[in-house]
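Remarks on the structure that follows.
Readers should treat all values here as calculations from the given coordinates under stated rules, not as data from a laboratory. Note that this is a predicted model, so its numbers are computed, not measured. Backbone-built Cβ (ideal geometry, glycine too); neighbour counts: all protein chains shown.
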Amino acid sequence: MAPDLTQRIAAHPRYLELKTKRSRLGWWLTAAMLVVYYGFILLVAFDKPLLASRIGAGVTTLGMPIGLAVILFTIVITTYYVVRANREFDEMSDAVKREVQR
């Protein structure tokens, strides 16, 4: 990529907006994932009896659905990011590309 084109893209206001929005979303989702994951790890470390308690008369313990919820949460926030990136961020990126190439 030509240095002039790179500088025009880096200085473009929509590119700066794109970069800010994408970074902010990434940090919020990272923080949410860390809270959920380390919350589960702390629960494992400090309240094993709660996680070992059985659900109903079966053999399934409370830790199993909570662990599954951590995995599902990861899938949900990843899907959210991909959908938002495909709709909003790609559109903003294409707009910057069109405007800079004029």
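For the reader, a short list of remarks on this structure follows.
- Of the residues Ser93, Ser23, the one with the fewest other Cβ atoms within 10 Å heads the list, and the complete ranking is Ser23, Ser93.
- Percent RCO, i.e. relative contact order, over the stretch 18-100, from Cα pairs under 8 Å lying at least 6 residues apart: 30 percent
- Dividing the Cα radius of gyration of the chain by 2.2 N^0.38 Å, with N the residue count, gives 1.68.
- Per-residue [θ]222 nm for the chain (sum of -39500 (n - 2.57) over DSSP H runs n ≥ 4, rounded to 500): -26500 deg cm²/dmol
- Sites Thr60 and Arg24, calculated FRET efficiency, Cβ-Cβ separation with R0 30 Å, nearest 0.05: 0.15
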